[in-house]
1. Which is within 23 Å of the chain's Cα centre (by Cα) and over 19 Å from B:Y141 (Cβ atoms), of B:D47, B:D113?
2. For segment A:242-259, what are the residues that are more than 11 Å from chain B (Cβ to nearest Cβ) and over 19 Å from A:I47 (Cβ atoms)?
3. With the structure loaded, tell me whether A:I70 is open to solvent by less than 10 Å² (accessible area, probe 1.4 Å), of a type outside the set (S, T, Y), within 16 Å of ligand 2 (Cβ to nearest atom) and closer than 15 Å to A:L191 by Cβ or whether it fails that test.
4. Go through (1) in contact with a Lys or Arg (Cβ under 7 Å, 6 or more places away or on another chain); (2) more than 25 Å from A:T65 (Cβ to Cβ); (3) not polar (S, T, N, Q) and name the single condition A:A184 misses.
5. Give the residue that is farthest from the other protein chains (Cβ to nearest Cβ), with candidates limited to residues of segment B:77-96 that are open to solvent by less than 10 Å² (accessible area, probe 1.4 Å) and more than 12 Å from B:N203 (Cβ to Cβ).
6. Quick one: which residue in A:I25, A:I45, A:I93, A:I107 is more than 14 Å from ligand 1 (Cβ to nearest atom), under 16 Å from A:L191 (Cα atoms), free of Cβ contacts under 8 Å to residues at least 24 places away in the same chain and crowded, with 19+ Cβ neighbours inside 10 Å?
7. Any chance segment A:202-219 includes a residue that's touching a Lys or Arg at 6+ places or on another chain (Cβ under 9 Å), more than 15 Å from A:V52 (Cβ to Cβ) and away from chain B (no Cβ under 14 Å)?
8. Please go through segment B:111-168 and pick out each residue that is polar (S, T, N, Q), open to solvent by 40 Å² or more (accessible area, probe 1.4 Å) and more than 27 Å from B:L211 (Cα to Cα).
Amino acid sequence: MDALVTQTVQTPSPPRILGERPVKITARDVNIYYGDKHAIKNLSIDIPDRAVSAFIGPSGCGKSTFLRAINRMNDTIPSCRVTGDIVVDGQDIYDRDLDVVQLRARIGMVFQKPNPFPKSIYENVAYGPKIHGLTTSRAELDEVVEKSLRKAGLWEEVKDRLQASGTGLSGGQQQRLCIARAIAVNPEVILMDEPCSALDPIATAKIEELIDELRQNYCIVIVTHSMQQAARVSQLTAFFHLGILVEVGDTDEVFTAPRDKRTQDYITGRFG
Amino acid sequence: MSDHIVKAYDEDLESIKTMIAQMGGLAEDQLAKAVDALSKRDTDLADQVIQSDEKIDAIEVSLEEKVIKTIARRQPMARDLRDIMVAIRIASDLERVGDLAKNLAKRAHAIPDTLPRRLSAGVVRMGRLALEQLKNVLDAYATRDDVKAVQVWRNDEEIDALYNSIFRELLTYMMEDPRMIGVCTHLLFATKNLERIGDHATNIAENIHYLVHGRPIGEERPKKDTTSFTIFESTNTQ
Ligand SMILES: Nc1ncnc2c1ncn2[C@@H]1O[C@H](COP(=O)(O)OP(=O)(O)O)[C@@H](O)[C@H]1O
Ligand SMILES: [Mg+2]
């Protein structure tokens, strides 16, 4: 293997947030390839529970690739190969005996483009609990749907039209519906890949407010190309560049006093 | 540091830096003239200082405008953010230095020509020291020289020590000769102004350190001014 000059910048002391929250996800020496393409190089990181961690970096640096490795979404890409360890709550998620469907319920994902099923609002949220057998009665299912929509901050807007199609909602509402859908199966981790990039500023603000509430109970990892968004919503920030995790630290530190020149150049708009 | 992708951003930051340099130059000039006016009892020079103060204020106003617009337009991050926050704090320190120099100049009017030289000598010495601190800290800012800034920060002790000794000296004169109370009070205020100018230079030094390293100076700020606790204890010298 090529010599890996992939040391992540070591801060003199570990991020404060890791002292305040238990670690939820641990990645060690993770390498990810698409065929010959080495997309993630020797990455190690600890991600805290009940906090928001943001992945930032220029397009193509591997943020989505690593995010997808956390719930094994990459399994669906034939050329993709993952080595190293990714451990969630002490469990190796690449363990052969692990049930990937169960894993993806524990580790939900929200994508850049809101992708509700072409079904009713109710069905969009009820679908997961049904296939995972999380409820035993219609009343219980109703309750889960309402609770999830409430947590996603969408209930008041849709409670009178639960049978209307999910695709008829506005972009921002669709994205909150997707978050409700992810929440409905009781996940522990929610992965979000540029969840606001298709939304206007008001819809974006509502999602950010929602993320801020959700972090009380979930481990949230968000990929965003908006540095301001990362600064606003996250407590931990990880900067990626060319497949390397360059720097990771408390968000307030990374955005006021980053340690690595590449981080500095990127977040101040100096990358040429 | 390399350039921004957006060129106009560089120009914004450059113009903020230039305005600080202008304010600094004026503050230095005002202080030098005020000390001179005081030592030579030159009331014309003093008036000149008093009238020029508004120039510093005017630059501060345009700097604040520029900073607000830059924040709104560019949402500065990291070093740029520190650059801008530090500029606005330094501007406010320099504006205060201007005010204090003006106040110092006003005292030139109140001190009679007949004042014994030894009485004003300490104040003038302290003025030179404050001026040197200001000059050094502005150099440190212009060159982003943290080592020099920390030196200024440490040297403030010297001004504080001098302030303490002049304070005691003036107290002694006042006790020896109550007719001196009026003039000595003016001199006391003058030294207090100079001591405050030293503090502003120290603030600026702290900001330079923050600008360069992204964290505050770790140690306690040097503080040797004990005059707040000094009381008249020598009633038996009467
Ligand atoms: N399915 C794929 N097949 C081959 N290469 C891919 C695939 N997905 C991503 N890549 C490559 O991997 C690198 C990282 O991509 P990605 O993780 O999408 O970056 P980011 O999310 O940071 O923009 C890029 O060079 C990209 O072209
Ligand atoms: Mg991506």
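1. Being within 23 Å of the chain's Cα centre (by Cα) and over 19 Å from B:Y141 (Cβ atoms) holds for just one of B:D47, B:D113, which is B:D47.
2. The answer is A:L242, and nothing else.
3. So A:I70 passes the test.
4. So the condition that A:A184 fails would be (1).
5. That would be B:A87.
6. Result of the check over A:I25, A:I45, A:I93, A:I107: A:I93.
7. For segment A:202-219, residues touching a Lys or Arg at 6+ places or on another chain (Cβ under 9 Å), more than 15 Å from A:V52 (Cβ to Cβ) and away from chain B (no Cβ under 14 Å): present.
8. B:T114, B:S165
The values are calculated or read from the model by the stated rules, or taken from the named source; none is laboratory data. Being a predicted model, the structure only gives us computed values, none of them experimental. Cβ coordinates were reconstructed from backbone atoms using ideal geometry, including for glycine residues, and neighbour counts include every protein chain displayed. Each accessible area value is taken on the protein alone, full model and side chains, heavy atoms only, with ligands, DNA and RNA left out. Shrake-Rupley method; radii C 1.70, N 1.55, O 1.52, S 1.80 Å.
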